1. Can you pull out the residues in segment 305-332 that are in contact (Cβ under 8 Å) with a residue 60 or more places away in the chain and of a type in the set (D, E, K, R)?
2. Would you pick out the residues in segment 141-170 that are in a helix (DSSP H, G or I) and within 22 Å of Tyr57 (Cα to Cα)?
3. Does segment 345-369 hold any residues that are crowded, with 19+ Cβ neighbours inside 10 Å and either outside any helix (DSSP H, G or I) or not assigned by TED's automatic domain parsing to the domain that holds Pro482 (or both), and which are they?
4. Across segment 290-321, what is the number of residues that are outside any helix (DSSP H, G or I) and closer than 16 Å to Met399 by Cα?
5. Tell me yes or no: at least one residue of segment 238-258 is assigned to a helix (DSSP H, G or I), modelled with pLDDT under 90, surrounded by 11 or more Cβ atoms within 10 Å (Cβ to Cβ) and at negative phi.
6. One residue is enough: does segment 397-408 have a residue meeting the conditions in the same structural domain as Cys321 (by TED's automatic domain parsing), modelled with pLDDT of 70 or more, buried (at least 19 other Cβ atoms within 10 Å of the Cβ) and over 30 Å from Gln21 (Cβ atoms)?
7. What's the number of the only condition in (1) modelled with pLDDT under 90; (2) in contact with a Phe, Trp or Tyr (Cβ under 8 Å, 6 or more places away or on another chain) that Gln474 fails to meet?
8. For segment 64-111, give me the residue count where each residue is under 18 Å from Tyr36 (Cα atoms) and loosely packed, with under 13 Cβ neighbours inside 10 Å.
Amino acid sequence: MTAKIWIILAAGLLCYQGECQEAVLHVSNGSLIKEYCLVYNSSWSNISDSLSNAVRYELVNMTHSVLCDESGVTPGSLVGKAVAVMKGNCTFSQKAQVAQKLGAAVLLIAVKDAMVSRLANDTEIEKVNIPLALMRYRDFADIYKVFPEKAEVQLYAPPIPAFDVSILVMLALAVFTVGMGGFWSGAAEREKLNAGPVLSGGEERADSGDLSLYSPLKVLLFVVLMCGMLVLMYFFYKWLVYVIIVIFCLASATALYSCLDALMNAIGCGKLSVSCGERSCSLRSLLLAAVCITLAVVWGVYRNEDRWIWILQDLLGVAFCLNFMKTITLSNYKICVILLCLLLVYDVFFVFITPFFTPNGESIMVQVALGPGAGGEKGDVVEVSADPSPAYEKLPVVMRVPRFSAWAQNLCGMQFSILGYGDIIVPGLLVAYCHRFDVWINSSNRIYFISCTIAYCVGLVVTFVVMLLSKMGQPALLYLVPFTLITSAVVACSRKEFRQFWAGTTYQVLDSSREPLLPDGETTYSSTVRKC
């Protein structure tokens, strides 16, 4: 029964066609053809969904006028034609009514600022019965360079499915990153145990590169700092964005080096060390460092090239998330619960609550993630930049995959499915803790790790389903946190290990029925070992 429900839901999403807000202006003169971006309100402007069914109109250039009245227009000159006018001085509905009286069949409005699909709010729009759309003024100028004598136009809006293959790619990318990050963290913990719990001086072994969160106060301070940073980014975005870009380049290059170096060690690749006097250097390390730095620099230079740079950004992003999950460890389930619940509140507040406080009713989280100059879907409105190559900077804190169903219709700008790093890292820290716990209790089937990874996958699927059905961006942690926390707690309770799972740390989880992994077959610790 459950399988049937999932099949029906998937079929509905595949068949569902989203309301079009972007359209195509097909311009031709018989031998030459060119297409441009249009933005319109699909709720009241009727435009054909295919070029073959679109009516052909002669284009009349009246961009010297705003067409707020009939003055200056020769009677009969616009009958059955598409007329292009400038934005300004009166509402769109007034322009459309004037164009209708003059016999025009289509009204195109040239704009020099951002094009917004919500073209009018007044009741007079009900009197408009001709297609009305916005177009970049610079595109009109290009039309009359390319077609100096005469041009004919057709308007059509190819339907774009709400469901896109990019969602599946994003799902696979996120689950792979969380799974590999958790696996790496557990493997590193196993190496520490196999290396021995104590050093020669009787002190506990520690990895200086790792940072463990074990205090609720530290977790609270961490979340407060995140809130402060997000608010600062909202108010001082145009300056702080460059700081984040530089930090990302450095951090991602370091993370990629750490990942590649671990991969080389896993496959048994030698270091190829070369001695020079008393010093020696690893050729492998130098080569990896050169590759990682080069990739980070290439991303930094070409970060606004949407056509292909998303591939490199996702590669660096995966490395960043993997290294973060391996380096930052949560000491017990209690800390996991505190951190994930606080970040859930943080995510929901900055997505759903902050629009009530911001001047334009915008979400601080969405505004910072997309950038202040970004267009795209904002609720039931589509905004397209007046410049097809905007100069605004975007934060490199998201995975980006282009919408493949709209690949051939990117006249208005490429559309992306995005997922924040936090939606990968935060649940990933819990998955990593689950794998370390499996290592501590010597679980051969990795029950905690596998169940929590599956719970993350299911939670992310639910997130995407809700997003598609509501046609709104969702705070992913709202779904990921309950799925992962509840699943891991249920597994611990069903195995009667919740007390150990809650307390955590290598030595506290041990009891008489479970033995840690020790080298050389040893099953007991030295009496000098202190509890973590």
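1. Looking only at segment 305-332, we keep the residues that are in contact (Cβ under 8 Å) with a residue 60 or more places away in the chain, and these are 306-307, 310, 313-314, 316-332.
Asp306, Arg307, Asp314, Lys326 - these are the residues of segment 305-332 that are in contact (Cβ under 8 Å) with a residue 60 or more places away in the chain and of a type in the set (D, E, K, R).
2. The initial filter retains those residues of segment 141-170 that are in a helix (DSSP H, G or I), namely 141-146, 165-170.
Residues satisfying the conditions are Ala141, Asp142, Ile143, Tyr144, Lys145, Val146.
3. Matches in segment 345-369: Ser363 only.
4. We begin by selecting, within segment 290-321, every residue outside any helix (DSSP H, G or I); these are 302-308.
Adding the requirement that they be closer than 16 Å to Met399 by Cα leaves 303-308.
Final tally of qualifying residues: 6.
5. Yes: segment 238-258 contains one or more residues that are assigned to a helix (DSSP H, G or I), modelled with pLDDT under 90, surrounded by 11 or more Cβ atoms within 10 Å (Cβ to Cβ) and at negative phi.
6. No.
7. Of the numbered conditions (1) modelled with pLDDT under 90; (2) in contact with a Phe, Trp or Tyr (Cβ under 8 Å, 6 or more places away or on another chain), the odd one out for Gln474 is (2).
8. Residues that pass the stated criteria total 0.
The values are calculated or read from the model by the stated rules, or taken from the named source; none is laboratory data. The model shown is predicted, which means the values in this text are computed figures rather than measured ones. Here Cβ is always computed from backbone atoms with ideal geometry, including for glycine, and neighbour counts include all displayed protein chains.
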